[in-house]
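**Student:** I have a structure I would like to understand better, so I am pasting it below and will then ask my questions one at a time.
Just so it is clear, none of the values below were taken in a lab; they were calculated from the coordinates. As the structure is a computational prediction, the values presented were derived from the model and not from experiment. All Cβ positions, even for glycine, are placed from backbone atoms using ideal geometry, and neighbour counts span all protein chains on display.
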Amino acid sequence: MATDNQAARALFDAIRAESDGHGFYRMAASGAADEKGRRVFEQLAAEELEHKRFLTGQLQAVQRTGAVDPTLRLGRPGALAETSPIFSDQIRS
């Protein structure tokens with residue numbers, strides 16, 4: 001089992017990766033040639049922020065208590081919840 005310090009470090013690294021992903025998707029959205037592509041990248045950027053929120057909450061829990069918070073939940077991925085230009089009905093169901 002990971003020590004509290006190892007868990008905190010892993011969560012910190014994951015938060016940084018989500019931040020990097022958010023920046024990448026925002027850049028891709030701003031350079032997208034078509035509207036559907038821009039919307040897809042904006043949705044992916046928003047999901048990265050949701051992941052970052054979740055991981056930050058877990059990091060705070062580990063730092064505070066030494067354990068993750070099992071009550072924290074990720075929001076439902078928006079790209080799969082609604083009509084999406086890249087996901088078929090079979091994937092969404």
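**Student:** If packing is taken as the average number of other Cβ atoms within 10 Å across a peptide's residues, how do 15-27, 49-61 rank, most packed first?
**Tutor:** Descending packing order for the listed peptides: 49-61, 15-27.
**Student:** Can you give the local net charge around Glu48? Use residues other than it whose beta-carbon is closer than 12 angstrom to its beta-carbon, Lys and Arg +1, Asp and Glu -1.
**Tutor:** Combined, the nearby Lys, Arg, Asp and Glu give -1.
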